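What follows draws every value from the coordinates through simple rules; no lab data is involved. This structure is a prediction, so every number in the text was calculated from the model and none was measured. Please note: Cβ atoms are built from the backbone with ideal geometry, for glycine as well, and neighbour counts cover all protein chains shown.
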Amino acid sequence: MKTDTLIDLLSRQAGPAPRALVARRLSPAALAGLVASALAAITWFGPIPATMFATAVPWTKMVYAGALALAAGWLTARLSRPAAPLQRPQRAVFAVVGVMAMMGGVSLVSEPAGGRVQALLGHSWSSCPWSVLALSLPGLAAALWAVRGLAPTRPLAAGFAAGLMAGSVGAFGYALSCPEASSAFVAVWYSLGIALTGIVGAVLGSRVLRW
Amino acid sequence: MPVDASPGDFESALKPLWLRAQSGDDVAYRQALGLLATRLRGYLKRRLSGLPDEVEDLVQETLLALHLQRGTYDPPLPVSAWVVAIARHKLVDLWRRRGRRDSLHDAIDDVDEQLLVAEPDDGGAHRDLERLFDELPHAQRQAIVLTKLEGLSVAEAAARTGASESAIKVQVHRGLKRLAALVRKDG
């Protein structure tokens, strides 16, 4: 086929370009991941006692995870469109993680010296990142599928960003069943779980995000 | 419109056309794709000097990708930056695929009989997209042939096939997407 024929074919009755395509694909993926991780957390690990919702403990985690999901979702959206600038969403991701790290640091310093290790490790430090990763997997699959239908020209980076978004969504669900009370715990082990999901996303992304 | 003018001139000629195309002006879209095809040919020729046969195939593959992904264009961006990012992606993808296939050929085929019966270059692309159309599922091929080749309106095509108008549009889009996937597999 001649290129001119192809151009005729593509343009004939092409109509308007789809609007808000990136948001329309990414939002349902994030929402599906959120529902999956919340349901799985409550079914497998059981919910935290309802009285805990009167304290700041679950809310800190959910605000952190929610804010990071938004920032990482923004970054994923940019990486799904060719040549889109990345600086601002990257700064947003660093800012969210930075604020949480500062809050964790402050909470650790205000802890009596003897209790700091306990506050940092809690009783579930060794399982928390893996639980976050496991709860994030449905969201990661959905996010990669969504990005695959868009135009990621940097598959590794797009996979990493999609992994951060899915990891944050998974951490949001995990907050519903995690009784750890220290901000330092959240800053370290939640972030590690989210980063692990990002790495899995990057590895998968470099293979799967081909178009 | 001079196609070898400076990048800024090219962008200022392209952008108004492209924005009209994005909002549904098919004539502007046709013109914009024509300008882009010429630009892409030059861009890819310089980078595929060892593989001149691949140039027009890759121009077509990139145009198909631009069309399928036009929803990812964001108006504040220069159109040419968006196009070049996609063209570069397609170029890297081609090198990656060829690298893999060529090493397979070295190992398996000392003499490739296909090469001897290859058809001469007709000045267009090497790969025949029309042949790939035959591999599309019936409903997708039919929707594309009726609306895109025979020039029926979507309503007429819907009446002819008994499908709804939105179903026709979906089949056209899916068919072109499938075609892009076939093109990649085809090498």
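Peptide packing: for B:38-44, B:91-97, A:138-144, the average count of neighbouring Cβ atoms within 10 Å per residue gives the ranking A:138-144, B:38-44, B:91-97, highest mean first. Taking a span of 20 Å or more along the helix axis (Cα atoms) and a mean Kyte-Doolittle hydropathy of at least -1.0 as the rule, the DSSP H helices of chain A that qualify are A:21-40, A:57-79, A:87-110, A:128-148, A:155-174, A:191-208. Here the contact order of chain A, divided by its residue count and restricted to Cα pairs under 8 Å and six or more residues apart, works out to 33 percent. Report the normalised scattering of chain A as log10 I(q)/I(0) at q = 0.12, 0.13, 0.15 Å⁻¹, calculated by the Debye formula with identical scatterers on the alpha carbons. Results for chain A at q = 0.12, 0.13, 0.15 Å⁻¹ read -0.62, -0.71, -0.89.
Shielding of peptide B:128-141 by partners, expressed as the average count of other chain Cβ atoms within 10 Å per residue Cβ, is 1.
For peptide A:18-30, compute the average count of partner chain beta-carbon atoms within 10 Å of each residue's beta-carbon. Could you put the intermediate results ahead of the total?
Numbers: counts 6, 3, 1, 5, 3, 0, 1, 2, 0, 0, 0, 0, 0.
Partner Cβ neighbours, averaged per residue: 2.
Just how far, in whole angstrom, is region A:117-167 from region B:21-38 if you go by their alpha carbon centroids? Between the Cα centres of region B:21-38 and region A:117-167 lies a distance of 39 Å.
Return a whole-number percent for the relative contact order of region B:128-187, with Cα pairs under 8 Å and 6 or more residues apart as the contact set. Write out the running numbers ahead of the final one.
Numbers: 40 pairs, mean separation 24.9, N = 60.
That works out to 41 percent.
In region A:81-211, a dipole from Cβ-located charges (positive for Lys and Arg, negative for Asp and Glu) runs towards its positive end, and of A:Val106, A:Gly193, A:Val147 it is A:Val147 whose Cα lies farthest in that direction. Cα convex hull, the protein assembly as shown: 188 Å³ per residue, rounded to a whole number.
Rounding to the nearest 20 debye, state how big the charge dipole of the protein assembly as shown is about its Cα centre with +1 on each Lys and Arg Cβ and -1 on each Asp and Glu Cβ. Display every interim value, and only then the final one.
Values: 42 positive and 33 negative charges, 255 e Å.
That gives a dipole near 1220 debye.
For the peptide B:62-70, the mean number of other protein chain Cβ atoms found within 10 angstrom of a residue's Cβ is 5.
Charges were assigned to the Cβ only: +1 to each Lys and Arg, -1 to each Asp and Glu. The resulting dipole of region B:128-187 about its Cα centre is roughly 280 debye. Label separation (A:Ala101 vs A:Val35): 3.6 nm, computed from points 7 Å beyond Cα along the C-beta direction.
Dimensions of region B:128-187 from C-alpha coordinates, computed as largest minus smallest value along each principal axis and given longest first, are 37, 18, 14 Å.
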